[in-house]
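Q: Okay, here's the structure, questions in a sec.
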Amino acid sequence: NADSENDMTPVRWIRINPLRCDVEATKLEIQKKFPTRVENWSDIVPGSIYYDEYIPNLFGIHPQDKITSHNLYKQGKIIIQDRASCFPAHILHPDENDVVIDGCAAPGNKTTHTASYMIKEPSKDPKIQIYAFEKNPERAKILDKMIKVAGCSKNIKINVGDFTKIALPEKYKDVTGFIVDPSCSGSGIFGRKFIDSLNRKKMNKDEADKKEGDEEEEVPDEQEEYNKREDLKTRLSKLSSFQFQVVKHAMSFPNAKKIVYSTCSIHAEENERVVIDLMLDSKVKQWGWKVAPRSKVIPTWPRRGKVEEFEEVFREDGNSSKCEELAGGCIRALPRSDGGIGFFAVCFER
Ligand code: SAM
């Protein structure tokens with residue numbers, strides 16, 4: 001029926017986890033299971049596979065293909081993660097010399113993906129330093145589980161509490177990069193109901209628990225949102241000031257060079273307008289933060305930030321190229337039509 005059509009994710013995205021395996025060997029195993037390669041994700045049918053052009057070692061398969069019963073999945077060698085949700089770690093692109101904080105980490109998909117960029121040689125004991133903060137103790141348990149599954153529990157230190165209160169900049173002088181993916185309206189998310197109804201009944205309890213972690217994001221009640229416009233406006237205003245505070249806190253760390261901010265929201269209030277508020281903030285200016293240019297933020301991804309949002313504020317400066325530049329530094333993904341959840345990402349650098 002129409003409802004289940006709407007809930008259906010067009011692609012199940014899986015990424016190879018180099019913390020648990022040899023990437024090339026795992027690729028061969030994936031090839032064995034999915035010998036038919038398609039050139040566009042929109043051509044995926046059951047049994048076929050698409051090799052993503054933006055994120056290394058990320059593949060799209062048909063949502064009906066049961067990957068959770070495969071050994072690669074059970075052993076943590078592949079992880080289910082929406083493509084757009086893989087953008088932040090790829091944009092941050094830390095190496096083994098970086099020290100990273102994930103400020104709002106649970107369930108931990110971006111945390112473990114970030115870790116995967118920080119290993120030089122998969123076979124060696126990895127020298128990865130990540131501090132993960134999570135306010136909600138129950139979600140912190142899921143984070144702990146996910147990190148164990150991904151094989152990086154030795155390298156990721158979990159701190160349970162409010163990132164803006166317990167992560168003191170003077171205590172983390174060596175931190176160079178941030179993933180900031182705070183709670184949002186979740187207006188870009190769909191598909192969970194589909195996954196639940198299709199797979200949950202068939203899974204054993206362990207699998208179901210693991211699945212829960214994989215898919216866990218801020219899940220809004222969309223109906224409620226769209227039925228009560230007034231409430232949505234108030235909610236977005238509260239969320240955007242919280243999101244602003246979280247990113248601004250990350251910007252106050254003395255040696256931070258790069259911060260990737262993301263949401264799974266389609267609302268400009270939580271996306272471009274947070275970027276604008278940060279760019280207008282006197283402290284942020286004083287600290288020297290700028291929006292990184294398109295050339296450093298998956299330049300070939302076609303859908304960028306909404307230029308009209310920047311024009312509303314910066315047009316008076318008589319500087320339309322500045323608006324184009326700022327919008328070009330932002331990434332947007334539309335729910336479903338871009339192959340997954342609705343998403344926003346931007347990178348600040350100095
Ligand atoms: N980055 C995660 C991932 O990819 O798996 C998803 C993060 S989810 C959108 C936001 C998380 O931030 C939630 O688990 C929420 O409990 C947590 N959170 C909200 N406010 C926080 C705060 N002030 N400090 C730390 N964590 C916070």
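Just so you know, all these numbers are worked out from the coordinates, no wet-lab data involved. Computed from a predicted model, the values in this text were never measured in an experiment. Because the Cβ atoms are built from the backbone with ideal geometry, glycine has one as well, and the counts that use them run over all protein chains shown.
Q: Could you order the peptides 35-45, 81-91 from most to least packed, using the average number of other C-beta atoms within 10 Å per residue?
A: Values: 35-45: 13.3, 81-91: 24.0.
So the order, starting with the most tightly packed, is 81-91, 35-45.
Q: Please report, in whole Å³, the volume per residue of the convex hull around the C-alpha atoms of the stretch 272-350. Intermediate results must be reported in sequence, preceding the final value.
A: Working: hull volume 7.2 nm³, N = 79.
Taking only Cα atoms, the stretch 272-350 has a hull volume of 92 Å³ per residue.
Q: Let me ask something else about it. Against the 2.2 N^0.38 Å scaling, with N counting residues, where does the stretch 8-75 land? I'd like the Cα-based Rg ratio to two decimal places. All intermediate terms of the calculation are to be shown ahead of the outcome.
A: Values: Rg = 11.3 Å, N = 68, 2.2 N^0.38 = 10.9 Å.
In units of the globular-protein estimate, the stretch 8-75 measures up at 1.03.
Q: So, one more: For a quick check: sort 104, 184, 21 by the number of other beta carbons within 10 angstrom, fewest at the front. Please list the in-between numbers first.
A: Numbers: 104 24, 184 28, 21 19.
Ranked by crowding around the Cβ, least crowded first: 21, 104, 184.
Q: Considering the stretch 128-187, what Rg and Dmax in Å follow from its alpha-carbon atoms?
A: For the stretch 128-187, the Cα radius of gyration and maximum Cα-Cα distance read 12.3, 35 Å.
Q: Could you compute the FRET efficiency for residue 70 and residue 120, with r as their C-beta to C-beta distance and R0 at 25 Å, rounded to 0.05? All intermediate terms of the calculation are to be shown ahead of the outcome.
A: Working: r = 28 Å, r/R0 = 1.12.
Step by step, r from the Cβ atoms, then E = 0.35.
Q: Here's something else I'd like to know. Is there a quick way to get the dipole size of the stretch 273-350? I mean about its Cα centre, with the Cβ of Lys and Arg at +1 and of Asp and Glu at -1; what is the value in debye to the nearest 20? Before the final figure, lay out each step's value.
A: Details: 14 positive and 12 negative charges, 72 e Å.
Roughly 340 debye for the stretch 273-350.
Q: Explain nothing, just the number: dipole magnitude of the stretch 305-350 about its Cα centre with +1 on each Lys and Arg Cβ and -1 on each Asp and Glu Cβ, in debye rounded to the nearest 20. The partial results should precede the final answer.
A: Numbers: 6 positive and 10 negative charges, 56 e Å.
Charge dipole, the stretch 305-350, about its Cα centre: 260 debye, nearest 20.
Q: Let me ask another. Scattering from the C-alpha atoms of the stretch 306-349 alone, worked out with Debye: what is log10 I(q)/I(0) at q = 0.24, 0.29, 0.31 1/Å?
A: Listed by q, the Debye log ratios stand at -0.81, -0.95, -1.00.
Q: To continue, here is another question. Beyond a 32 Å Cα-Cα separation, which of these cross-linked pairs lie in this structure: 127/171; 141/165; 165/322; 257/322; 165/290?
A: Pairs exceeding the cut-off: 165/322.
Q: Provide the packing ranking of 334-340, 237-243, i.e. peptides ordered by the mean count of other C-beta atoms within 10 Å per residue, highest first.
A: Most protected by this proxy first, the peptides run 334-340, 237-243.
Q: Pull up all non-local amide H partners of residue 48: gap of 5 or more, or a different chain, and H-to-H distance under 5 Å with H placed in the peptide plane.
A: 62
Q: May I ask which residue of 36, 84, 132 lies farthest towards the positive end of the charge dipole of the chain, with charges of +1 (Lys, Arg) and -1 (Asp, Glu) on Cβ and the Cα centre as origin?
A: 132
Q: Take the eigenvalues of the Cα gyration tensor for the chain, scale each by 5, and report the square roots as semi-axes in whole Å, largest first.
A: Details: eigenvalues 188, 118, 79 Å².
Semi-axes (√(5λ), whole Å): 31, 24, 20.
Q: Work out the length of the dipole vector of the chain about its Cα centre, built from +1 on the beta-carbon of each Lys and Arg and -1 on the beta-carbon of each Asp and Glu, and round it to the nearest 20 debye. List each step's numbers first, then the result.
A: Values: 55 positive and 56 negative charges, 215 e Å.
Once rounded to the nearest 20, the dipole reads 1040 debye.
Q: Quick check on the chain: helices-only [θ] at 222 nm, where DSSP H runs of length 4 and up contribute -39,500 (n - 2.57) each and the sum goes over total residues. Nearest 500, please. Walk me through the intermediate numbers first.
A: On the way: 15 runs with 134 residues, N = 350.
Helices in the chain give a 222 nm mean residue ellipticity of -11000 deg cm²/dmol.
Q: What is the order of 232, 280, fewest Cβ neighbours within 10 Å to most? Walk me through the numbers on the way to the answer.
A: On the way: 232 18, 280 11.
By the 10 Å Cβ count, ascending: 280, 232.
Q: Starting from the Cα-Cα distance between residue 165 and residue 27, subtract it from 0.36 nm times their residue separation and give me the gain in nm to one decimal.
A: Details: separation 138, 0.36 × 138 = 49.68 nm, distance 4.22 nm.
Full extension of this stretch gives 45.5 nm more.
Q: Additional query: Name the residue farthest towards the positive end of the dipole of the chain from the options 111, 275, 346, assuming +1 on Cβ of Lys and Arg, -1 on Cβ of Asp and Glu, about the Cα centre.
A: Toward the positive end, the furthest listed residue is 111.
Q: With Cβ to Cβ distances under 12 Å as the rule, what net charge do the other residues near residue 272 carry (K, R +1; D, E -1)?
A: Values: positive: 273, 304, 306, 332; negative: 269, 270, 277, 308, 309, 311, 312.
Surrounding charge for residue 272 is -3.
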